[in-house]
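What follows is a single structure, written as structure tokens, with notes after it.
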Amino acid sequence: MTVLVRARNLVKEFPRRGAKRGELPFRAVDDVSFDLRKGSTLAIVGESGSGKSTTGRCALRLIEPTSGEVHFDGVNLMDLSPEEMRRRRRQMQIVFQDTYASLDPRWSVGRLLAEPLQLHENLSKGEVKQRVGDMLVRVGLEAQHADRYPHEFSGGQRQRIGIARALMLNPQLVVCDEPVSALDVSVQAQVLNLMKDLQEELGLSYIFISHDISVVEFIGDDIIVMNKGKVVEQGDCREVLRNPQDPYTRALLAAVPIPDPRQVSDREERRRIIAAGLRGQHAS
Ligand SMILES: Nc1ncnc2c1ncn2[C@@H]1O[C@H](COP(=O)(O)OP(=O)(O)OP(=O)(O)O)[C@@H](O)[C@H]1O
Ligand SMILES: [Mg+2]
């Protein structure tokens, strides 16, 4: 088992607003440790405000942890200079829930996808166009879509564009922060299937943040359950969801109906069941 991301004792504190002197800062992430295996998906679940996004951002050093370490491919990110970090960051990307905020509406899809290449690689115009077209096809869109603008696409298509943009530099790690939460349930399954296929084809590792247990059950290999900044339970995803030990995990599970794919070994069959579950239907 090769570990891509090894996070140890991550802490992130924010100053409290209007704090009185001597008042302790607020701990959004409190001593979080995890390993992300290469080519696998680590799901982070928990209620709103439990510290999922902050953990994901600390793992990429998009925000600076107060303390703790993140080793990426054996390198302690905390030791890197800003320039070294900038070069590393191309290997780690993030996909957000809100594509209206993450995709500039004034930019064509082609320009949105070309930007990471232009910042990090020295390619001719023709090569950039080719890479953009190839990536659009890869995520289930068409090369000609490069000339259109984000608002001309559906929510699911826009998330495909967000994913395409994240993959332009062939990253190893993608932090997916509630990537399907804004989508209709029927579209969620399509985008999740795409993400699984891309993971397999490209050997991607995901940190997948979600509050939706049925989504996590589909996509997760390992899981950490967070409550108030702390990890309350972690382990094999299906194992934890099947047999939760912590009362908080049980409460989370009780609030969400879960499709039951565990009896089914065949992958396509399992997908079909989950897809039906995500649509709120029963798979026959
Ligand atoms: N920049 C910040 N300054 C102050 N407090 C912050 C900041 N960012 C996050 N927090 C606080 O830290 C806590 C954890 O936030 P975070 O966004 O990580 O939660 P989350 O689990 O991702 O929630 P959600 O499911 O709503 O996205 C929250 O109480 C939040 O208000
Ligand atoms: Mg969040």
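We did not get these values from a lab; they are worked out from the coordinates using the rules stated. Just so it is clear, the model here is predicted, and its values are computed rather than measured. As a convention, Cβ positions derive from the backbone with ideal geometry for all residues, glycine included, and neighbour counts pool all protein chains shown.
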Exercise. Looking at the chain, what % of its DSSP beta bridges pair antiparallel, to the nearest 5?
Worked result: 55 percent
Exercise. What is the packing order of peptides 61-67, 12-18, 2-8, taking the mean over residues of other C-beta atoms within 10 Å and listing the highest first?
Worked result: 2-8, 61-67, 12-18
Exercise. Taking the Cα centre of the chain as the origin, how large is its charge dipole in debye, to the nearest 20, when only Lys and Arg (+1) and Asp and Glu (-1) carry charge on their Cβ atoms?
Worked result: 580 debye
Exercise. Mean residue ellipticity at 222 nm from the helices of the chain, using -39,500 (n - 2.57) per DSSP H segment of n ≥ 4 over the full residue count, to the nearest 500 deg cm²/dmol?
Worked result: -11500 deg cm²/dmol
Exercise. Can you count the Lys pairs in the chain whose Cα atoms are under 16 Å apart, with each pair 8 or more apart or on different chains?
Worked result: 6
Problem set entry | Additional length obtainable on full extension of the chain from Arg21 to Leu202, 0.36 nm per residue less Cα span | 60.1 nm
Exercise. If you plug each phi of the stretch 153-169 into the Karplus form 6.51 cos²θ - 1.76 cosθ + 1.60 with θ = phi - 60°, what whole-Hz ³J(HN,Hα) values come out, in order, with x for Gly and Pro?
Worked result: 10, 6, x, x, 5, 5, 5, 4, 5, x, 5, 4, 4, 5, 8, 4, 9
Exercise. Which order do peptides 227-236, 37-46 fall in by mean Cβ count within 10 Å, highest first?
Worked result: 37-46, 227-236
Problem set entry | Amide H within-cut-off set for Asn227, under 5 Å, with H built and near neighbours excluded | Val232
Exercise. Which ³J(HN,Hα) values, rounded to whole Hz and listed in residue order, are derived for the stretch 219-234 from phi using the Karplus coefficients 6.51, -1.76 and 1.60 in 6.51 cos²θ - 1.76 cosθ + 1.60 with θ = phi - 60°, glycine and proline given as x?
Worked result: 9, x, 9, 10, 9, 10, 9, 10, 9, 6, x, 10, 7, 9, 7, 8
Problem set entry | the stretch 48-61 - phi-based ³J(HN,Hα) in whole Hz, Karplus 6.51/-1.76/1.60, Gly and Pro as x | 4, x, 7, x, 5, 5, 4, 4, x, 5, 5, 4, 8, 6
Exercise. Looking only at the stretch 163-204, which residues have a backbone nitrogen under 19 Å from a spot 7 Å from the Cα of Thr2 in the C-beta direction?
Worked result: 169-175, 198-204
Seminar exercise, completed: A chain fully extended from Arg86 to Lys38 at 0.36 nm per residue, minus the present Cα-Cα distance, gains in nm 15.1 nm
